[in-house]
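Colleague: The structure is given below, and queries will be raised subsequently.
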Amino acid sequence: MIRICVSLYIAAFLLQNCSVNNSRNGLSINNPDKIFEFSADQYKKLMNELPEDRFPRSYEDDSLITSNSSWWCSGFYPGTLLHLYEETGDEELLMEVKRKFEYLEKEQYNTDTHDLGFMMFDSFGHAHRINPNPEYEEILINSAKSLASRYSPEVKSIRSWNSDPGDFLVIIDNMMNLDLLFWAAETTGDSSYYNIAVTHANTTLQNHFREDNSSWHVLNYDPETGEIQNKRTEQGLNDESAWARGQAWGLYGFTETYGNTGDQRYLDQAVSIAEFLINQPNLPEDKIPLWDFDAETDALRDASAAAIMASALLELDSYVSHSDYYDTALIILENLTKNYIAIAKPGENGNFILKHGVGHLPANSEVDVPLTYADYYFIEALRRL
Ligand code: GLY
């Protein structure tokens, strides 16, 4: 009975909210092609503002903020362009991807970061899936080698951030980089990539989660013994809080790792994280999370956490059909479309797609701004839908 009532509520919510006329900007997930067209137009305008060797990062105080290729987000811009190219067939988007690849490809040798999955697999990996190409394959294998070089057999994890020699820092976000290793194992036949990925996932499964299935952000291990030295946050409200994007990374990472291995333990963890998120008393009715689940209820929302969560829930729904996962993703996407896309004035929001992302609030960096990864996972989720 409760289930029927919830479904009726969701149906009523969607009927009320999905109508094009009710949408503030005329866009609706009922017509995703219009959103893809709008987004492609935005990104073509963004392209014209961008110096050739730079990658978009955000838009603050009426200025476009850019990065070089070594910033962890450099793969999202070409990745979003590729999603939009697949949807619209617009060759201009593909030409821009190729221009950016000339600057991005050197990161295949970057052994100073764990973010190579984000940087290289969401860009070159995506391009290689669309159009298999030996040059891209080599770039991706080298990227996997660079990522694997950060693995420690003592800690049984891949090092996330570089640190003092007595520390070995692993963040929950690192689950997102394993897909590149699974791909490399399958492509090269070298099982060491697979073993590193599952060992990292197992260590994360064992140590990163609290009883309620929320996760700590940062674990600091002893590099010699693998003992945990402390558990803390960097980007969340406090060490014991549930930083929203971290929870979304965990959900996405374990869902994807189940997809790559078929290991039931990873699926169970993904389901537990989803249950934690969906049943959060602090999750607003529109399902766009606060930047941290333990923040005050009037705190800023984070569009990036919402988009990642929606995309992950849609993938999880393909493994465990559960109407709550699909329905929650749908509500998130509808509300992002309705209230977080900026088309009121041309150029508003720096020609990004979504507004209101929160990058690193405790450092007062990228707070309530557009973010390339919010755009990337929003478009990916719409395509999954
Ligand atoms: N991986 C960094 C972030 O989510 O902000």
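Colleague: If you average the alpha carbon positions of segment 89-111 and of segment 184-252, how far apart do those two centres end up, in angstrom?
Modeller: Cα centres, segment 89-111 to segment 184-252: 29 Å.
Colleague: Over the Cα atoms of the chain, what Rg and Dmax result, in angstrom?
Modeller: For the chain, the Cα-based Rg and Dmax read 19.9, 61 Å.
Colleague: Follow-up question, since we're still on this one. Considering all alpha-carbon pairs of segment 255-342, what whole percent are spaced by more than 19 angstrom? Display every interim value, and only then the final one.
Modeller: On the way: 1480 of 3828 pairs.
The answer is 39 percent, as a whole percent.
Colleague: Continuing with the same structure: Efficiency by 1/(1 + (r/R0)^6): what FRET value for Asp239 and Thr111, r their Cβ-Cβ distance, R0 = 25 Å, to the nearest 0.05? Don't jump to the answer; show the numbers that get you there.
Modeller: Numbers: r = 29 Å, r/R0 = 1.16.
After rounding, the FRET efficiency stands at 0.30.
Colleague: What does the charge dipole of segment 54-194 about its Cα centre add up to, to the nearest 20 debye, if the Cβ of each Lys and Arg holds +1 and the Cβ of each Asp and Glu holds -1?
Modeller: Details: 11 positive and 25 negative charges, 81 e Å.
Here the size comes out at about 400 debye.
Colleague: With the chain treated as a Gaussian network of Cα nodes joined by springs under 10 Å, which of Ala342, Ala307, Ala244 yields the largest mean-square fluctuation?
Modeller: Ala342
Colleague: Calculate the dipole size of the chain relative to its Cα centre from +1 charges on Lys and Arg beta carbons and -1 charges on Asp and Glu beta carbons; express the result in debye to the nearest 20.
Modeller: On the way: 28 positive and 60 negative charges, 115 e Å.
The calculation lands at about 560 debye.
Colleague: Now, a different point. Taking only C-alpha pairs under 8 Å that are 6+ residues apart, what is the relative contact order of the chain in percent?
Modeller: Values: 688 pairs, mean separation 62.4, N = 385.
Over the chain, the number comes to 16 percent.
Colleague: Convert each backbone phi in segment 172-187 into a coupling constant with the Karplus relation 6.51 cos²θ - 1.76 cosθ + 1.60 (shift: θ = phi - 60°), then list the ³J(HN,Hα) values in order as whole Hz, x for Gly and Pro.
Modeller: Coupling constants for segment 172-187: 4, 3, 4, 4, 6, 8, 6, 3, 4, 6, 4, 4, 5, 4, 5, 6 Hz.
Colleague: Quick one: with all protein chains in place, what share of the accessible area of segment 229-378 is carbon or sulfur, to the nearest percent (1.4 Å probe)?
Modeller: Carbon and sulfur atoms account for 43 percent of the accessible area of segment 229-378.
Colleague: Restricting to DSSP H runs of at least four residues, report the calculated mean residue ellipticity at 222 nm for the chain, -39500 (n - 2.57) per run over all residues, nearest 500 deg cm²/dmol.
Modeller: For the chain, the value works out to -16000 deg cm²/dmol.
Colleague: Scan around Trp161 for amide H atoms under 5 Å from its own, H built in the peptide plane at 1.01 Å from N, and keep only partners 5 or more places away or cross-chain.
Modeller: It is Leu169, Ile171, by chain and number.
Colleague: State, to one decimal in nm, how far the label point of Ser163 lies from the label point of Leu300, with both points 7 Å from Cα in the Cβ direction.
Modeller: Taking the simple label geometry, Ser163 and Leu300 are separated by 2.5 nm.
Colleague: Pick from Gln247, Gln280, Gln42 the residue whose mean-square fluctuation is largest in a GNM of the chain, springs joining Cα atoms under 10 Å.
Modeller: Highest fluctuation of the listed residues: Gln280.
Colleague: Here's another thing I want to ask about it. Given R₀ = 22 Å, what would the calculated FRET efficiency be for Asp268 paired with Asn195, taking r from the Cβ atoms and rounding to 0.05?
Modeller: Details: r = 21 Å, r/R0 = 0.96.
Efficiency, from the Cβ-Cβ distance: 0.55.
Colleague: Next question, about the same structure. Expressed as a whole number of Å, what is the distance separating the alpha-carbon centroids of segment 124-153 and segment 253-292?
Modeller: Here the two parts' Cα centres lie 27 Å apart.
Colleague: Still on this structure: Projecting each Cα onto the charge dipole of the chain (Lys/Arg +1, Asp/Glu -1 at the beta carbon, about the Cα centre), which of Trp161, Tyr377, Ala144 comes out farthest on the positive side?
Modeller: Farthest towards the positive pole: Tyr377.
Colleague: Could you work out the relative contact order of segment 218-279, using alpha carbon pairs under 8 angstrom and six or more residues apart, expressed as a whole percent?
Modeller: It comes to 19 percent, rounded to a whole number.
Colleague: When the Karplus curve 6.51 cos²θ - 1.76 cosθ + 1.60 is applied with θ = phi - 60°, which whole-Hz ³J(HN,Hα) does each residue of segment 376-385 get, with x for Gly and Pro?
Modeller: The phi angles translate into 4, 6, 5, 5, 4, 5, 4, 5, 5, 4 Hz.
Colleague: Between Leu50 and residues 5 or more places away or on another chain, which pairs have amide H atoms under 5 Å apart, with H built 1.01 Å from N, and which residues are they?
Modeller: Here nothing satisfies the definition.
Colleague: Let me ask something else about it. Would you work out which of Val198, Ser123, Tyr109 lies farthest towards the positive end of the dipole of segment 102-208, given +1 charges on the beta-carbon of Lys and Arg and -1 on that of Asp and Glu, about the Cα centre?
Modeller: Checking the options against the dipole of segment 102-208, the answer is Val198.
Colleague: Once the other residues with Cβ under 14 Å from the Cβ of Thr225 are scored (Lys, Arg +1; Asp, Glu -1), what is the net sum? Write out the running numbers ahead of the final one.
Modeller: On the way: positive: Lys156; negative: Glu154, Asp167, Asp222, Glu224, Glu227.
Taking every other residue near Thr225 into account, the sum is -4.
Colleague: Please find the FRET efficiency linking Arg129 to Lys231, where r is the Cβ-Cβ separation and R0 is fixed at 51 Å, and quote it to the nearest 0.05. Could the numbers behind the result be given before it?
Modeller: On the way: r = 36 Å, r/R0 = 0.71.
After rounding to 0.05, the efficiency reads 0.90.
Colleague: If I build a Gaussian network model for the chain, linking alpha-carbon pairs within less than 10 angstrom, which residue out of Leu290, Leu237, Leu104 has the largest mean-square fluctuation?
Modeller: Ranking Leu290, Leu237, Leu104 by mean-square fluctuation puts Leu237 first.
Colleague: Now, a different point. Please turn the phi angles of segment 250-266 into ³J(HN,Hα) values with the Karplus equation 6.51 cos²θ - 1.76 cosθ + 1.60 (θ = phi - 60°), one per residue in order, whole Hz, x for glycine and proline.
Modeller: Values per residue, Gly and Pro as x: x, 4, 5, x, 6, 4, 5, 5, 4, x, 7, 10, x, 7, 4, 4, 6 Hz.
The values are calculated or read from the model by the stated rules, or taken from the named source; none is laboratory data. Since the model is a prediction, treat every value here as computed from it, not as a measurement. A quick note on method: Cβ atoms are made from the backbone with ideal geometry, for glycine too, and the neighbour counts reach across all protein chains shown. SASA here: full protein model, heavy atoms, side chains in, ligands and nucleic acids out. Shrake-Rupley method; radii C 1.70, N 1.55, O 1.52, S 1.80 Å.
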